[in-house]
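Engineer: The following block contains the structure, expressed as structure tokens.
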Amino acid sequence: MSFKYKFLLKMFKVLKMQKIMALPPEKSQKLFRKAYKGVVIPNMSDAELDIETAQVADSTVVWYKHKKENRRLCFYLVGGGMLKYPKPRQAKGLIKLAKQCNIDFVLPYYPLVLTGHTLPDTYEMLYELYKKALEKYKPKNIYFLGGSSGGNLALGLISHINAKGEKLPMPGKIYASSPGTLLLTEEERRKAEVLDKTDVIMSQKGTLAVWEGMTGGREVPDYMKYLQLGDYTGLRDVYLSFGGDEVFTAAAESIKAALEKYDVKVTLEIGAGMYYDNNCNFNVTDDSGYIDCNFSRSRKSSR
């Protein structure tokens, strides 16, 4: 365990992040609103990339396109419970990632609760963005990479596509790190009771509070509540990663089983002794469209 990792663990405990995330939505949103600056896109340029800003469904997106024709695209969906836009360092970081992986990227600044939106608005925005991506890229060459609530959106969008009934083809692969979901069964809740004691950021109470904030307390379809009840018809390949000490891991096996029910190939990796985190290393292994995603915090594999 590195010094930086130990330091972060200590800081999260000192800041009482678990208690902050469990605050009632109006209080947590008040804290985030103090730091809210709207959409902030840093100045970015690169000799190998065309970096463009556009509007999709009234939301800002940033495209990172290789000047030499590229046939592959990855959506990068940030986490944060719909409380914050991508940070400037995240936007800049995609330049290196796009070049290293030789893949185009798109970074959506999807709707936030701080701007009066709820979860269905975000799904609709991402649905329209996906339709736009399909105009240029073959579905098998489109990938989704997301952590936390971003991982939830990446997986949940598949169910949303199926629910819309327009028969859009499915993306080639999803990489979801610590995808958030509500707990569905007593077994999941029993596991979460144990993990409440080791997670330094989230808790069962916290997941409920964040969820209430994302939905505005309104009723939404079951697939938006529970990844365990999703309709993953047509999806081919998913890479799941969790920290062994985080609350979301309580649903890891259930999500895996739900995906496999639809004949999805699933790789599940659980990092023993690791906490909730949505940072990852994303690596291309060949030019055929297959990508390998290795999450830097994971230490123990469960397949």
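The values are calculated or read from the model by the stated rules, or taken from the named source; none is laboratory data. Model, not experiment: these values are computed from the prediction. Here the Cβ positions follow ideal geometry from the backbone for every residue, glycine too, while neighbour counts run over all protein chains shown. Calculation scope for accessible area: heavy atoms of the full protein, side chains included, ligands and nucleic acids excluded. Shrake-Rupley method; radii C 1.70, N 1.55, O 1.52, S 1.80 Å.
Engineer: Among the residues in the stretch 215-234, are any among the β-branched types (V, I, T) and in a loop (DSSP other than H, G, I, E, B)?
Structural biologist: yes
Engineer: Could I ask something else about it? How many of the residues making up the stretch 59-88 are in contact (Cβ under 8 Å) with a residue 40 or more places away in the chain and of a type in the set (D, E, K, R)?
Structural biologist: 3
Engineer: Condition first: farther than 19 Å from N152 by Cα, open to solvent by less than 60 Å² (accessible area, probe 1.4 Å) and not β-branched (V, I, T). Now tell me which residues in the stretch 170-209 satisfy that.
Structural biologist: Across the stretch 170-209, the qualifying residues are L195, D196.
Engineer: Go through the residues of the stretch 257-274 one by one and say whether even a single one is open to solvent by less than 20 Å² (accessible area, probe 1.4 Å), touching a Leu at 6+ places or on another chain (Cβ under 6 Å) and assigned to a loop (DSSP other than H, G, I, E, B).
Structural biologist: For the stretch 257-274, residues open to solvent by less than 20 Å² (accessible area, probe 1.4 Å), touching a Leu at 6+ places or on another chain (Cβ under 6 Å) and assigned to a loop (DSSP other than H, G, I, E, B): present.
Engineer: Specify which of the listed residues (D245, D237, D222) is open to solvent by 10 Å² or more (accessible area, probe 1.4 Å), under 19 Å from Y127 (Cβ atoms) and not hydroxyl-bearing (S, T, Y). Break it down into steps so the answer makes sense when it comes.
Structural biologist: On the way: D245 fails: under 19 Å from Y127 (Cβ atoms); D237 fails: under 19 Å from Y127 (Cβ atoms).
Only one candidate qualifies: D222.
Engineer: Could you check, for the stretch 75-87, whether at least one of its residues is open to solvent by 40 Å² or more (accessible area, probe 1.4 Å) and assigned to a helix (DSSP H, G or I)?
Structural biologist: The answer is no, given that none of the residues of the stretch 75-87 is open to solvent by 40 Å² or more (accessible area, probe 1.4 Å) and assigned to a helix (DSSP H, G or I).
Engineer: A follow-up question, please. Filter the stretch 104-126 down to residues that are surrounded by fewer than 23 Cβ atoms within 10 Å (Cβ to Cβ) and touching a residue at least 60 places away in the same chain (Cβ under 8 Å) and give me whichever is nearest to H66 (Cα to Cα).
Structural biologist: The residue in question is Y109.
Engineer: Out of all the residues in the stretch 95-147, which are over 17 Å from L157 (Cβ atoms) and among the hydroxyl-bearing types (S, T, Y)?
Structural biologist: Result: T115, single match.
Engineer: Could you tell me how many of the residues in the stretch 171-205 are under 15 Å from the mean Cα position of the chain (by Cα) and not in a loop (DSSP other than H, G, I, E, B)?
Structural biologist: Here the count works out to 5.
Engineer: Further question: From the list L208, L157, which residue is within 16 Å of R236 (Cα to Cα) and either without any contact (Cβ under 8 Å) to a residue 12 or more places away in the chain or assigned to a helix (DSSP H, G or I) (or both)? Show your work before the answer.
Structural biologist: On the way: L208 fails: within 16 Å of R236 (Cα to Cα).
Testing whether each residue is within 16 Å of R236 (Cα to Cα) and either without any contact (Cβ under 8 Å) to a residue 12 or more places away in the chain or assigned to a helix (DSSP H, G or I) (or both) leaves just L157.
Engineer: In the stretch 133-154, which residues are modelled with pLDDT under 95 and part of a loop (DSSP other than H, G, I, E, B)?
Structural biologist: The answer is S148, and nothing else.
Engineer: Counting only residues that are open to solvent by 40 Å² or more (accessible area, probe 1.4 Å) and out of contact with any His (no Cβ under 7 Å at 6 or more places or on another chain), how many does the stretch 46-62 have?
Structural biologist: Of the residues in that region, 8 qualify.
Engineer: Among the candidates I51, I95, which residue alone is outside any helix (DSSP H, G or I) and of a type in the set (V, I, T)?
Structural biologist: Answer to the selection: I51.
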